[in-house]
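Worksheet: one structure, shown below.
The values are calculated or read from the model by the stated rules, or taken from the named source; none is laboratory data. These numbers were taken from a predicted model, which means no experiment stands behind them. For neighbour counting, all protein chains shown are included, and Cβ atoms are generated from backbone atoms with ideal geometry for every residue, glycine included.
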Amino acid sequence: MSATAIEGRLAAAIRDPAMPVPEGLTSARGAPDRLRFAVYRNNVHVSLVEALAKAFPVTRRLVGEEFFRAMARAYVALHKPTSPVLIAYGRNFPDFVADFPPAARLAYLPDLARLERAWLHAYHAAEAAPLDAGEVLGRAPDELPGLSFLAHPATALVRSDHAIGSIWAAHQVETVKPVETGRAEAVLVTRPQAEVRATVLPHADIPFVTSLLDQAPLGEAAWQALSADPGFDAGRALRGLLALGAFTQISIRSEGPES
Amino acid sequence: MSTHPELPPAAGLGLKPEHYAEILSTLPAIGFFEIHAENYMGDGGPPHRYLSAIAEHYPLSLHGVGLSIGGSGPLDADHLARLKRLIERYRPASFSEHLAWSTHESAYFNDLLPLPYTAETLDRVCAHVDRVQHELGTRMLLENPSTYLLFEESTIDEVDFLAQISERTGCGLLLDVNNVMVSAINHRLDPRDYINRFPVEKIGEIHLAGYDEAKDEAGERLAIDAHASAVRPDVFELYEFTLGRTGPVPTLVEWDNDVPAFATLKGEAERVEAALARIRPAARRVA
C-alpha cells in the first residue's frame, strides 16, 4: 500500500470514531490496538474543541462546560479546520449554533457567538493608528458632510434582536448579575490601542454607524439617522466613534456627498 | 530585531500568553523562549506586541506545528509564506518542525500524526525539508515524534530515518527526549539505545516535557505525550544520559496544557540549568 493510501485511511478513521483501526497499523505485541489508535482520534477532537472553547468563552459560560463541549464536538465532527492557523477556526460556528436544535431555546446564543468571533478578529487584526479626532473636528464645517471614513482593521458592528452586548459584559466578571435579554442591541467592536473594546451603541446611533462603516459620507449618514430619530445628535455620535478608534483614515470620495 | 545568531546552550521555556506580562515586568533569567509559529500568524494585536517586546530581551526559537512535513501531499505554499514573514519579522535563532503530518487533502487535524518509514516516505520528507530550507532561507531542525502505534509497512528504523534526512538535506535535528521515552514505552524499546544510536552531532535543540499514562487493550503501558505536567524522573534521567553524549545543548521545557504559574515553569528551567551546569566542565567535545 502506498504511503498516500495509508495516510488517507488514517484520516478517514480519525474522522469517524465508528471505524476500526486502519489496516497496516500494529503494535509491539504484533496486533492493532483500538485504544492506541484512539489517542490520535482523541488528540484531534479534544484539541479542536479546546480551540473553540478558548475562542467562545462567554458562549461556553452561558451553556455550561458539558453542553458547550457536546456542541463543539458536533461542530468539529462536521467541520475540520482548512488551515493550520487556528485563530481562524470556528468562523461559521455561530451559524452552526443557530442550527443546533438543543440550543434553540437560547435565542440570543448565535449572535452572542458572532460577537465573540468579532472580538477575536479585533484581537488579531492588523495594527493601524486610529483616526485622530482633531483631524476630523478641526475641518471647516462645509467640508464635513462630504467626508467618509475607512474603518480600522479591528472594527466590526454586531447587531442583534437580543441584548448581546449586555450579556457579554455581564459575563466578563466572576459574579454574573441578571441581564434583561429581550432588548435589541448593536455592539461596536474596536481596538484603539492594545485592548479590544466592545461598546453597546445608543439605539439612535445604529443607522449612523452602519452607514459610516459602509463608507457613506458623513452628511448622508447623519441624514439617515435623523430621519429615523429626530433627536439624533450626529456630533456626539461622531466624537464617540472617533474616541473608540473606529476609523483609521478619512477617505474623500471624488463623487461627492450627494451620491 | 533579534541579535542572537543561535540558541544558547541553556534552558528555555515555551512562551504562554498567561505569562507575557510577568515575563516583561520581571525579565527572568531564561536562556530563550520558544513560540508555536501558528499562534503568531494573526496580522497584529497583543500577541505581536508582547512578542516584539519579549524578543528585545531573549533569543527566540520558532517552532512550527502545522507544516505537515511528513504528509503525502505537497507543502502548503501559503503556510510557508506565513512562516517566512514571521522569520523575517522576528529573526528567530532557530526554526524547527516535526517528522509528522497534520493535513490530509484540505483538512487540518491539529495533531502530529505518524507516517511509515520507507524508501518512498524518506524521499518525500527529504524533498519537503529541501523545499522548506530553500523557501525560508534557513537551516531547519526536524523533531523526532512520539508514536502510539507502528506501521507494518515500515522498513527503516526511526533513528536511521532521521539520520538519513539530516544527511541528505543538511537539516539539523531536534531531539525530544520525552518523545523518545514515550515511544520506547509504547513500542518496548530501550530508550538509551535510541540515544546511543542518535546522530548527536546533528542535534540543535533538546525538548523535555511531561507524559501521561494509560493502558492499551492488552493492559500494557500506553504513554501519551501530553505536555500537561512536570518532566518525569525517567525522562530527566534519560536527558542527563543524553547530555553525557551531547554536551550542553539548548534545552526547552514544554508545558502547553494545564499551563501552571510562571514560577513553576521557571522551577523546571532551573532543574535543566542545574543539569547543564553539572556537565559543563567536561563538555570539551562539543564545538
Among (1) within 13 Å of the chain's Cα centre (by Cα); (2) crowded, with 19+ Cβ neighbours inside 10 Å; (3) within 13 Å of another protein chain (Cβ to nearest Cβ), the one test that A:ALA88 misses: (2)
Meets criteria (touching a helix residue (DSSP H, G or I) at 6+ places or on another chain (Cβ under 6 Å) and either surrounded by 18 or more Cβ atoms within 10 Å (Cβ to Cβ) or hydroxyl-bearing (Ser, Thr, Tyr) (or both)) for A:ALA221: yes
Residue within region A:115-137 that is buried (at least 16 other Cβ atoms within 10 Å of the Cβ), part of a loop (DSSP other than H, G, I, E, B) and of a type in the set (Ser, Thr, Tyr) present: no
Residue among A:LEU150, A:LEU112, A:LEU188, A:LEU157 that is in contact (Cβ under 8 Å) with a residue 12 or more places away in the chain, not in a loop (DSSP other than H, G, I, E, B) and not assigned by TED's automatic domain parsing to the domain that holds A:GLU220: A:LEU112
Where a residue in region B:114-127 is in a helix (DSSP H, G or I) and its partner, wherever it lies, is small (Gly, Ala, Ser) and crowded, with 20+ Cβ neighbours inside 10 Å, with Cβ under 8 Å and at least six apart: B:GLU120/A:ALA3; B:THR121/A:ALA3; B:THR121/B:GLY70; B:ARG124/A:ALA3; B:ARG124/B:SER72; B:VAL125/B:GLY70
Residues within region A:69-97 that are touching a Gly at 6+ places or on another chain (Cβ under 7 Å) and either among the hydroxyl-bearing types (Ser, Thr, Tyr) or not in a helix (DSSP H, G or I) (or both), tallied: 1
Qualifying position, being among the hydrophobic types (A, V, I, L, M, F, W, C) and within 29 Å of B:LEU67 (Cβ to Cβ), among A:LEU115, A:LEU62, A:LEU106, A:LEU86: A:LEU86
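Can you tell me which of B:LEU265, B:LEU222, B:LEU238 is within 14 Å of chain A (Cβ to nearest Cβ) and either touching a Gly at 6+ places or on another chain (Cβ under 7 Å) or in contact (Cβ under 8 Å) with a residue 12 or more places away in the chain (or both)? Please lay out each step first, then the result.
Numbers: B:LEU265 fails: within 14 Å of chain A (Cβ to nearest Cβ); B:LEU238 fails: within 14 Å of chain A (Cβ to nearest Cβ).
None of the other options fit; the residue is B:LEU222.
Please report, ordered by residue number, the strands (runs of 3 or more DSSP E) entirely within region B:58-106 with at least 3 residues that are more than 8 Å from chain A (Cβ to nearest Cβ).
It comes to B:60-63, B:94-98.
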Flag if B:LEU24 is closer than 25 Å to B:ASP176 by Cβ and either modelled with pLDDT of 95 or more or within 11 Å of chain A (Cβ to nearest Cβ) (or both): no
Residue selected from region A:1-41 under the condition among the β-branched types (Val, Ile, Thr) and closer than 22 Å to B:ARG188 by Cα, by the criterion surrounded by the fewest Cβ atoms within 10 Å (Cβ to Cβ): A:THR26
Single condition A:VAL44 does not satisfy, out of (1) surrounded by fewer than 19 Cβ atoms within 10 Å (Cβ to Cβ); (2) among the hydrophobic types (A, V, I, L, M, F, W, C); (3) within 14 Å of another protein chain (Cβ to nearest Cβ); (4) more than 30 Å from A:GLN249 (Cβ to Cβ): (1)
Among (1) more than 16 Å from the chain's Cα centre (by Cα); (2) closer than 30 Å to A:ARG41 by Cα; (3) without any contact (Cβ under 8 Å) to a residue 40 or more places away in the chain; (4) buried (at least 16 other Cβ atoms within 10 Å of the Cβ), the one test that B:ALA275 misses: (2)
